[in-house]
1. Looking at Gly449, Gly475, which is the one that is over 22 Å from Thr268 (Cβ atoms), under 22 Å from the mean Cα position of the chain (by Cα) and at pLDDT 95 or above?
2. Right, Thr394: outside any loop (DSSP other than H, G, I, E, B) and surrounded by 24 or more Cβ atoms within 10 Å (Cβ to Cβ) or not?
3. How many residues does the range 95-106 hold that are closer than 25 Å to Gly153 by Cβ and either within 20 Å of the chain's Cα centre (by Cα) or assigned to a strand (DSSP E or B) (or both)?
4. Select from the range 173-216 the residues that are farther than 12 Å from Ser155 by Cβ, free of Cβ contacts under 8 Å to residues at least 60 places away in the same chain and in contact with a strand residue (DSSP E or B) (Cβ under 8 Å, 6 or more places away or on another chain) and list them in ascending order.
5. Name the residues in the range 297-328 that are free of Cβ contacts under 8 Å to residues at least 12 places away in the same chain and either outside any loop (DSSP other than H, G, I, E, B) or under 12 Å from Leu350 (Cβ atoms) (or both), would you?
6. Consider the range 226-248. How many of its residues are closer than 18 Å to Leu432 by Cβ and either hydroxyl-bearing (Ser, Thr, Tyr) or surrounded by 16 or more Cβ atoms within 10 Å (Cβ to Cβ) (or both)?
7. Go through (1) farther than 25 Å from Pro220 by Cβ; (2) modelled with pLDDT under 95; (3) not hydrophobic (A, V, I, L, M, F, W, C) for Asn483 and report which single condition fails.
Amino acid sequence: MTSWAFLSATELAAKIRDGAISSVALTDYFIERIERLDNDINAVVVRTFESARSAAVAADQAAADGRWLGPLHGVPMTIKESYVLAGTPTTWGIEHFRHNGATKDGLIVERFKQAGAHFLGKTNVPVELADFQSYNPIYGVTGNPWDIKRTPGGSSGGSAAALAAGLSALEAGSDIGGSIRNPAHFCGVYGHKPTFGVVPMQGHELLAGLPEGDLAVCGPLARSAADLKLALSIMAGPGARQAKGWQLSLKPAVKQQLSDYKVVIWATDDVAPVAGDVSTRALGIGAELEAAGATVSYTARPDFDVVVAHENYQTLLNSAMTSGMGPEEVARMQHRADSLDNNDRSHEALITRAAVLSHRDWIRANGRREKLRAAWDEFFEEWDIVVCPQMATTAFVHDHQPFGQRTVTVDQAQRPYFEQLFWAGLAVNAYLPSTVFPTGLSGDGLPIGLQAMGGAYCDFETIEFTRMLAECIGGFQAPTHLN
């Protein structure tokens, strides 16, 4: 029975179909693990055990009647707190929204339920979904299951922690600055940032009726690449309004073996240097791919200036992230922006200017992004996958100082905290798909994940690449003290 905790959702669904497990038994099993293990980790911060048990009873009755609800029939899962789940609050970690309850499910929750899944609860996030850590005044601090003194990542930190600890079968998060991929890397699980627009954002919101914003996407986290493929198939597709006029048809994966792939290894960069154990692992993946017969380059790069591209990403990112500022805060930021030296290109200067960006300047930034996307399109005509870091280091110790006082230690050097956004931004800035996959542990016993980026709408190809690679290097491994 203990082996159930770390099976994939696909495997658990098959056991339910085969009659090896009932949905009720599996649901009670995960509830018991949450109650026993999660007081220390604090991943599942909103718990819906009663409704989960009721749904499990209904799933078992449906199976007894010969009715199958979908590919996740009877499978219990959790979901990031920022999604709308009926009967629960959606706060994004903001005290003002502590009692922001939902009376009906959001779109993505509906789609998972239509696929047969039910929900054990919701998982923790940072305030405003804006950190590489997951803590807030409502739910407290989430620890990494590998070492609770360390962050699980953010903003989908509770999602990744729940999977790594065997508290849930499947998860869904969101990503605008690595918020799916960073926690997947830190916790040693899989995470997929879809091509922009593939998964609708309705139901991932504080307030209903707001338009979808720039850059942000919803996507799955899981313990296997097969689960990512299944979950993305469930989540993807137009929302109700768009479905009146169009349908989504993502390209299927076409490669049959690793030797069919042409892969670029981008192990580190002067813009955002990464720790030696991370860059060495990326180079090691290149060697594994070469041994498997793949075509591998360590020097090929798309034709754009990475410094300019990263500055443009920071401009678009922080313009989107600060769009909800009130008039007084806008006035303060405008005063601060007006006082900046024109030659100041620091992170602080970039985000200050972005906060008060004019519509004209946003259009110009969007134009620069379009050129960047064209460069990536041309690059992916020759290459299939880019393997690169997602973050500069493995999971770091909790740091709750003000943002401006935080740094990250990279091989004994103190680097700016948000410098790591460079690696997340490679895919976000150009609307590209990216799949984070586990590669094993560091010398310190912490997970190292890397990301596999692909061309626009090649989501299933990046996922399939990581599935094939797992046959070579191994996939998810559970923390030994929790297994």
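1. On the way: Gly449 fails: over 22 Å from Thr268 (Cβ atoms).
Exactly one residue qualifies, and that residue is Gly475.
2. Numbers: outside any loop (DSSP other than H, G, I, E, B): no; surrounded by 24 or more Cβ atoms within 10 Å (Cβ to Cβ): yes.
The answer is no for Thr394.
3. As a first pass, look at the range 95-106 and keep what is closer than 25 Å to Gly153 by Cβ: 95-98, 100, 106.
Now restrict to residues that are either within 20 Å of the chain's Cα centre (by Cα) or assigned to a strand (DSSP E or B) (or both): 106.
Qualifying residue count, the range 95-106: 1.
4. Met201
5. Initially, the range 297-328 is screened for residues free of Cβ contacts under 8 Å to residues at least 12 places away in the same chain, giving 299, 305, 324, 326-328.
Pro327, Glu328 - these are the residues of the range 297-328 that are free of Cβ contacts under 8 Å to residues at least 12 places away in the same chain and either outside any loop (DSSP other than H, G, I, E, B) or under 12 Å from Leu350 (Cβ atoms) (or both).
6. Here is the first cut: in the range 226-248, the residues closer than 18 Å to Leu432 by Cβ are 228-229, 232, 235-236, 248.
Next, only the ones that are either hydroxyl-bearing (Ser, Thr, Tyr) or surrounded by 16 or more Cβ atoms within 10 Å (Cβ to Cβ) (or both) stay: 228-229, 232, 235-236.
Number satisfying all stated conditions: 5.
7. (1)
So that you can scan it fast, the table gives a plain yes or no per residue for (1) in the same structural domain as Val109 (by TED's automatic domain parsing); (2) over 10 Å from the mean Cα position of the chain (by Cα); (3) closer than 19 Å to Met391 by Cα:
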{"site": "Ala130", "(1), (2), (3)": "yes, yes, yes"}
{"site": "Pro137", "(1), (2), (3)": "yes, yes, no"}
{"site": "Arg150", "(1), (2), (3)": "yes, yes, yes"}
{"site": "Ser155", "(1), (2), (3)": "yes, no, yes"}
{"site": "Gly158", "(1), (2), (3)": "yes, yes, yes"}
{"site": "Asp175", "(1), (2), (3)": "yes, no, yes"}
{"site": "Ile180", "(1), (2), (3)": "yes, no, yes"}
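The values are calculated or read from the model by the stated rules, or taken from the named source; none is laboratory data. Source: prediction; values computed, not measured. Virtual Cβ from ideal backbone geometry, glycine too; neighbours counted across all protein chains shown.
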